[in-house]
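Asks: Sharing a structure here in structure tokens format.
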Amino acid sequence: MKYTSRIYLGIVFAILYIPILTLILFSFNASESTAVFTGFSLKWYRDLFANPDAFTALRNTLVLAILSALLATVIGTLAAEGIYKIRNKYIKTAITSVTNVPMMNPDIVTGMSMMLFFAAVMAIFKIADYNEIGFAAMLIAHTTFCLPYVILSVLPRINELGDSLSEAAQDLGCTPLSAFLRVKLPNILPSVLSGAVMAFTLSLDDFVISYFIAPPNFQTLPLLIYSMTKKKVKPDMYALSTIIVVTIFILLLISNLKSDKKDAGRKKKRIAAIATAAVAVIAVVAIIFASFAGSGIVASNSDTVTLNVYNWGEYMADGSDSEYGNVNAMFEEYYYEKYGKRIVINYSTYATNEDLFSKLNNSAVSYDIVIPSDYMIEKLIEEDLLLSFDVEADIPNYVNIDDAFKNTYYDKDNVYSVPYTYGMMGIIYNKEMVDETDLEELSWGILWNEKYAGKILQFNNPRDAFATAMYWKGLDVNSTDPEVWDEALSLLVDQKPLLQGYVNDEIFDKMTSGSAAIAPYFVGDYITMAETEGAPDLGFYYPKEGVNYFIDAMCIPKSSKNPEAAKEYINFMLSEAAAVENAMYIGYASPNKLVSENEDYIDYMGEFAIDLLYDTMPDDVNKAYNEVYGTTCYKNFTPDIQTRVNTLWENLKITDSTEIWIHIVSVLIVVSVAGLAIYKTYIEKKRSRDYRMRDKEKKNAKSTVASDKALNNP
Amino acid sequence: MKNKKSLMSSIMAAPHIFWAVLFIVLPLIIVVFYAFTDANGNFSFSNIASLGDYAPIFGLSLELAVIATAICLLIGYPLAYIISKASPKSQKFFMMLLMLPMWTNLLIRTYSIMAILDDGGFLNSIFGAVFNVDEPLFHIVGTKGAVIFGMVYDFLPYMVLPIYTCISKIDKHMWEAASDLGCTPIQTLIKVILPLSMSGIISGVTMVLVPSISTFYISQKLGGGTFEVIGDTIERQFVTGALNVGAAISLIMMILILISITVMNKFSDEDGGIIV
């Protein structure tokens with residue numbers, strides 16, 4: 001028995017820890033890949049320690065997790081005791097049901113509703129700057145979704161414990177409060193602690209809820225990591241995870257060894273002492289951290305200027321990679337020299353245009369700089385969310401921008417946006433896995449080639465996925481005719497059985513590890529993949545039927561508190577030094593003339609990359625590019641078409657996704673659970689009937705005896 | 001006297017009730033409001049009416065979550081039982097060991113699972129080298145099995161924790177009494193320990209079932225994006241600006257979960273009905 005249980009434990013923990021060991025392994029990878037190990041290196045640890053964003057994020061995450069776990073544990077434990085004492089069944093059910101709402105809601109609903117709630121709070125109390133209440137909002141949101149887990153952990157134990165102990169204590173002279181603190185609490189302590197650990201864990205890992213609530217000056221680690229999924233999550237994040245896990249593991253071992261030496265007796269007292277010490281330490285650390293976090297917020301009130309920048313993840317040389325400079329720090333310095341005033345940049349990041357939109361549209365957060373794509377700029381202008389200003393006059397460095405990127409369809413008069421990057425998508429293929437004859441056509445059709453069934457990838461977002469089909473068949477990607485979209489859907493349905501999957505950033509790992517052979521993606525990212533050490537030989541082409549051109553541009557939201565500093569920032573980003581640094585870091589093409597002519601940049605990127613990135617621009621740049629661009633870029637959907645595309649995308653995901661065993665197994669489980677429940681109630685009923693029968697018989701027997709006696713004694 | 005005492009104790013729930021009304025009920029009202037209005041804020045049933053389209057997605061999400069929960073219970077119960085019988089020192093150690101993987105980021109953890117299970121991942125490379133084949137032997141990522149694996153991997157601690165807490169609190173004399181009365185260890189487990197740990201099981205099932213239904217990153221990454229679960233759908237509705245439809249879907253989902261948990265509690269045991 002002992003032996004089998006050891007084996008069992010061994011197997012379960014092995015499965016739990018193999019992915020963790022893999023994670024640790026890749027944190028030491030020599031290349032950027034997180035799917036192929038090419039050699040040992042400490043590069044990512046060096047990068048991590050040079051990365052100011054990562055440490056700020058880590059600090060924020062820990063502060064939040066500790067404080068919210070503490071708060072949730074205190075409120076939750078008291079609540080569990082209170083709920084237990086409530087005798088009215090309906091009130092009890094009502095309270096517990098409400099408590100569990102945040103647990104039952106998908107995170108995104110909790111996040112969204114909280115965001116709308118805080119927007120209302122700010123409107124009611126006339127709070128102008130979300131940064132002021134942002135941390136409190138995060139703390140409230142995290143505590144709220146941790147609460148049900150604490151209660152769910154503590155309540156069963158209180159139920160089991162019953163009243164007898166605390167009643168005894170009260171009979172012996174305890175007040176109800178001291179009976180709770182001195183008798184009940186020590187008894188329920190293990191479940192209180194496990195509730196606290198669970199709350200801490202949940203808060204630590206939460207992305208979705210924080211995403212909607214986070215103020216510009218408080219980015220947590222999960223937010224930082226998820227925002228990288230537009231491009232790629234770098235191994236320095238693996239390094240950070242490794243440090244966290246290993247540190248905790250070592251602490252665990254030490255505490256285990258130490259407690260070994262102590263006497264085994266007086267266990268309860270020791271547990272209580274450890275718990276008190278732990279709470280004290282946590283509280284002290286939390287206060288220290290909180291004062292740190294607070295200092296950032298307070299600083300914004302003094303003479304310094306704050307600028308809230310909201311950008312794509314991995315989309316600016318922000319010092320997160322030791323190879324490149326930190327343009328934000330460069331700007332802070334520049335600003336101080338020019339104006340003699342300190343400026344603080346709150347830099348935070350997002351992963352999709354739609355995420356950015358929902359944040360700008362629904363929340364009370366104000367940003368000074370955002371960098372959306374073309375069609376999203378159109379949408380933001382329509383919704384009246386962007387500040388209009390005279391770009392040419394206000395941004396002197398605007399002359400550096402190639403004329404081809406001015407007077408674009410989304411901003412005809414150049415009053416909303418300043419181009420930041422541009423690029424195109426095309427087909428990436430594995431040269432070893434794809435036959436040359438299939439490449440000759442240079443067509444999107446290769447994504448429908450049955451020869452490569454199971455080796456083809458497709459975008460996991462409706463906009464880009466539909467576009468591949470539409471470009472292939474010469475359909476208008478901005479069509480307002482529903483039938484055109486139906487036609488594109490049928491193409492995607494045909495393609496589905498051939499696909500290995502619909503992916504976003506996983507494409508980096510899948511292509512560099514040789515899991516997949518063909519994928520559509522952006523040219524800048526292809527260059528990163530092709531240059532990844534240990535990757536197979538990857539090729540790229542622009543399909544002849546036409547490709548998507550995108551432009552990402554810097555804009556100032558209407559909600560900006562500091563548009564003048566924002567303009568200064570935009571202007572600085574167009575200067576040669578900053579623009580070159582960014583272009584090298586991002587790897588996408590730059591619309592800045594100073595960049596494409598900069599020799600360091602050309603050297604760094606290499607001829608191959610420069611050709612791919614820039615030679616696709618027609619010779620007669622100004623007119624031709626805009627013409628080409630105008631026909632193949634994405635435009636903002638009308639609400640009807642947006643709904644239509646959403647529905648079609650869902651249809652695509654539903655079609656042919658049945659794996660019969662899922663139905664069978666789940667039905668079996670439900671049936672057997674129901675069967676057990678019915679059997680149990682049956683047994684109980686039968687038993688209670690039996691008891692009643694027995695009682696009756698006994699009574700009968702008694703009465704017979706009595707009547708016998710009565711008969712015998714006349 | 002008795003009433004007064006329980007009233008005093010009920011006051012302990014007051015901070016929570018205050019908190020719940022302010023930060024749970026009010027935001028919930030916002031969700032309900034959105035579910036029953038159109039984009040212009042007018043009252044409308046069209047969101048609720050359109051929900052029929054999502055039935056297959058609802059169904060699939062439920063099925064996956066039910067299977068994942070069942071597996072978690074099957075793996076987690078013995079685990080909790082074995083751990084609870086270890087020495088107090090190792091108990092603490094094992095429980096922390098169980099929670100530790102959760103302290104790495106969910107996304108990075110999922111990528112690491114992919115690096116192992118993918119067509120070109122470690123598992124296939126190793127077996128490919130052993131059996132000298134080029135083609136991947138196991139196609140795991142992109143199937144529903146992979147999604148279930150991911151759910152079990154991520155939510156197992158939420159199953160083990162409450163069950164363990166429950167079992168470890170069972171009076172040790174119960175074991176002796178049972179064996180004195182002639183129970184084999186297996187019989188003791190089934191007839192004595194299992195019924196006594198029922199409240200832990202119910203907590204565990206709830207804590208695993210609910211997040212499994214609404215998760216979306218696991219299914220997106222490990223499922224290869226070839227099918228959708230309800231979490232994906234709600235997310236897309238929200239980010240593409242269709243707040244009202246998203247709110248309607250989540251409202252219905254909440255009601256469904258509430259009903260299923262209530263039913264489950266009815267059957268659980270006499271006093272367990274109040275856990276959720």
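The values are calculated or read from the model by the stated rules, or taken from the named source; none is laboratory data. All values reported here derive from a predicted model rather than from experimental measurement. Neighbour counts run over all protein chains shown; Cβ positions are idealised from the backbone, glycine included. Please note that ligands, DNA and RNA were not included when accessible areas were found on the heavy atoms of the full protein model with its side chains. Shrake-Rupley method; radii C 1.70, N 1.55, O 1.52, S 1.80 Å.
The rows are residues; the columns are (1) closer than 30 Å to B:I126 by Cα; (2) of a type in the set (A, V, I, L, M); (3) outside the structural domain of A:F207 (by TED's automatic domain parsing).
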position	(1), (2), (3)
A:L16	yes, yes, no
A:L25	yes, yes, no
A:G39	yes, no, no
A:D53	no, no, no
A:L58	no, yes, no
A:L67	no, yes, no
A:A80	no, yes, no
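Asks: Still on this structure, please answer the following. From the set of residues in segment A:77-92 that are facing chain B (nearest Cβ under 7 Å) and assigned to a helix (DSSP H, G or I), which is most open to solvent (accessible area, probe 1.4 Å)?
Replies: Within segment A:77-92, the match that is most open to solvent (accessible area, probe 1.4 Å) is A:L78.
Asks: Give the residue that is farthest from A:E160 (Cα to Cα), with candidates limited to residues of segment B:140-149 that are open to solvent by less than 20 Å² (accessible area, probe 1.4 Å) and more than 8 Å from chain A (Cβ to nearest Cβ).
Replies: Among those that are open to solvent by less than 20 Å² (accessible area, probe 1.4 Å) and more than 8 Å from chain A (Cβ to nearest Cβ), it is B:A146.
Asks: Turning to a different aspect of this structure: Quick one: in segment B:167-185, of everything that is within 27 Å of A:S153 (Cα to Cα) and not in a loop (DSSP other than H, G, I, E, B), which residue is nearest to the other protein chains (Cβ to nearest Cβ)?
Replies: My answer is B:S168.
Asks: Condition test on A:M138, is it touching a residue at least 60 places away in the same chain (Cβ under 8 Å), more than 7 Å from chain B (Cβ to nearest Cβ) and within 23 Å of the chain's Cα centre (by Cα)?
Replies: Considered against the rule, which asks whether it is touching a residue at least 60 places away in the same chain (Cβ under 8 Å), more than 7 Å from chain B (Cβ to nearest Cβ) and within 23 Å of the chain's Cα centre (by Cα), A:M138 comes out as yes.
Results for (1) open to solvent by less than 70 Å² (accessible area, probe 1.4 Å); (2) modelled with pLDDT of 80 or more; (3) not acidic (D, E), shown as yes or no for each residue.
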site: B:K4; (1), (2), (3): no, no, yes
site: B:V21; (1), (2), (3): no, yes, yes
site: B:T37; (1), (2), (3): yes, yes, yes
site: B:A49; (1), (2), (3): no, yes, yes
site: B:G52; (1), (2), (3): yes, yes, yes
site: B:F58; (1), (2), (3): yes, yes, yes
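Asks: Identify all residues within segment B:64-119 that are more than 7 Å from chain A (Cβ to nearest Cβ), assigned to a helix (DSSP H, G or I) and among the polar types (S, T, N, Q); write none if there are none.
Replies: Scanning segment B:64-119 gives B:T69, B:S84, B:S90, B:Q91, B:T110.
Asks: Can you spot a residue in segment A:433-449 that is open to solvent by 10 Å² or more (accessible area, probe 1.4 Å), outside any helix (DSSP H, G or I) and within 14 Å of chain B (Cβ to nearest Cβ)?
Replies: Within segment A:433-449 (the criterion being open to solvent by 10 Å² or more (accessible area, probe 1.4 Å), outside any helix (DSSP H, G or I) and within 14 Å of chain B (Cβ to nearest Cβ)), the answer is yes, since at least one residue qualifies.
Asks: Has segment B:42-54 got any residue that is within 25 Å of A:I662 (Cβ to Cβ) and facing chain A (nearest Cβ under 10 Å)?
Replies: yes
Asks: Can you name every residue in segment B:120-139 that is more than 10 Å from every other protein chain (Cβ to nearest Cβ) and either in contact (Cβ under 8 Å) with a residue 40 or more places away in the chain or of a type in the set (G, A, S) (or both)?
Replies: Across segment B:120-139, the qualifying residues are B:G128, B:A129.
Asks: Out of A:T96, A:T73, I need the residue that is more than 29 Å from A:D355 (Cβ to Cβ), assigned to a helix (DSSP H, G or I) and at the interface with chain B (Cβ under 7 Å from one of its Cβ atoms). Which one?
Replies: Of the residues listed, the single one that is more than 29 Å from A:D355 (Cβ to Cβ), assigned to a helix (DSSP H, G or I) and at the interface with chain B (Cβ under 7 Å from one of its Cβ atoms) is A:T96.
Asks: Moving to a separate point now. Any chance segment A:457-464 includes a residue that's in the same structural domain as A:T512 (by TED's automatic domain parsing) and farther than 28 Å from A:K510 by Cβ?
Replies: The answer is no, given that none of the residues of segment A:457-464 is in the same structural domain as A:T512 (by TED's automatic domain parsing) and farther than 28 Å from A:K510 by Cβ.
Asks: If you don't mind, another one. What are the pairs, 6+ residues apart or on separate chains, where a residue within segment A:1-17 that is within 9 Å of chain B (Cβ to nearest Cβ) has its Cβ under 8 Å from a residue that is surrounded by fewer than 16 Cβ atoms within 10 Å (Cβ to Cβ)?
Replies: Going by the 8 Å Cβ cut-off, the qualifying pairs are A:M1/B:P185; A:S5/B:K85.
Asks: Next up: Give the residue, chosen from A:T201, A:T229, that is open to solvent by 10 Å² or more (accessible area, probe 1.4 Å), in the same structural domain as A:L116 (by TED's automatic domain parsing) and assigned to a helix (DSSP H, G or I).
Replies: Criteria check complete, one pass: A:T229.
Asks: Would you check if A:G534 is within 14 Å of chain B (Cβ to nearest Cβ) and open to solvent by 20 Å² or more (accessible area, probe 1.4 Å)?
Replies: Judged against the criteria, A:G534 is a match.
Asks: Quick one: count up the residues across segment A:177-202 that are of a type outside the set (K, R) and more than 11 Å from chain B (Cβ to nearest Cβ).
Replies: 7
Asks: Among (1) touching a residue at least 24 places away in the same chain (Cβ under 8 Å); (2) touching a Leu at 6+ places or on another chain (Cβ under 6 Å), which single condition is B:M96 missing?
Replies: B:M96 satisfies every listed condition except (1).
Asks: I would also like to ask the following. Within the group A:L152, A:L139, which residue is open to solvent by less than 10 Å² (accessible area, probe 1.4 Å) and either of a type in the set (K, R) or out of contact with any strand residue (DSSP E or B) (no Cβ under 9 Å at 6 or more places or on another chain) (or both)?
Replies: Step by step, each of A:L152, A:L139 is checked, and only A:L152 is open to solvent by less than 10 Å² (accessible area, probe 1.4 Å) and either of a type in the set (K, R) or out of contact with any strand residue (DSSP E or B) (no Cβ under 9 Å at 6 or more places or on another chain) (or both).
Asks: Something else now. Might you let me know whether segment A:27-37 holds any residue that is open to solvent by 20 Å² or more (accessible area, probe 1.4 Å), within 27 Å of the chain's Cα centre (by Cα), closer than 16 Å to B:N105 by Cα and at the interface with chain B (Cβ under 8 Å from one of its Cβ atoms)?
Replies: Looking for residues that are open to solvent by 20 Å² or more (accessible area, probe 1.4 Å), within 27 Å of the chain's Cα centre (by Cα), closer than 16 Å to B:N105 by Cα and at the interface with chain B (Cβ under 8 Å from one of its Cβ atoms), one finds none in segment A:27-37, hence no.
Asks: Considering only segment A:378-399, state which residues are touching a residue at least 40 places away in the same chain (Cβ under 8 Å), not hydrophobic (A, V, I, L, M, F, W, C) and not in a helix (DSSP H, G or I).
Replies: Hit for segment A:378-399 is A:D384, nothing else.
Asks: Tally the residues that are within 28 Å of B:T165 (Cα to Cα) and assigned to a helix (DSSP H, G or I), restricting the search to segment A:124-172.
Replies: Matching residues across segment A:124-172 total 30.
Asks: Restricting attention to segment B:150-193, which residues are open to solvent by 20 Å² or more (accessible area, probe 1.4 Å) and under 13 Å from the mean Cα position of the chain (by Cα)?
Replies: B:F155
Conditions tested, residue by residue: (1) outside the structural domain of A:N353 (by TED's automatic domain parsing); (2) in contact with a Gly (Cβ under 8 Å, 6 or more places away or on another chain).
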| position | (1), (2) |
| --- | --- |
| A:S515 | yes, yes |
| A:Y526 | yes, yes |
| A:E531 | yes, no |
| A:D537 | yes, no |
| A:F540 | yes, yes |
| A:K558 | no, no |
| A:E564 | no, no |
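Asks: Consider A:I551 carefully, then state whether it is farther than 28 Å from A:Y130 by Cβ and either open to solvent by 10 Å² or more (accessible area, probe 1.4 Å) or at pLDDT 90 or above (or both).
Replies: Criteria met by A:I551.
Asks: Next question. Can you tell me which residue among A:K544, A:K561, A:K567 is more than 14 Å from chain B (Cβ to nearest Cβ), within 29 Å of the chain's Cα centre (by Cα) and of a type outside the set (S, T, Y)?
Replies: A:K561
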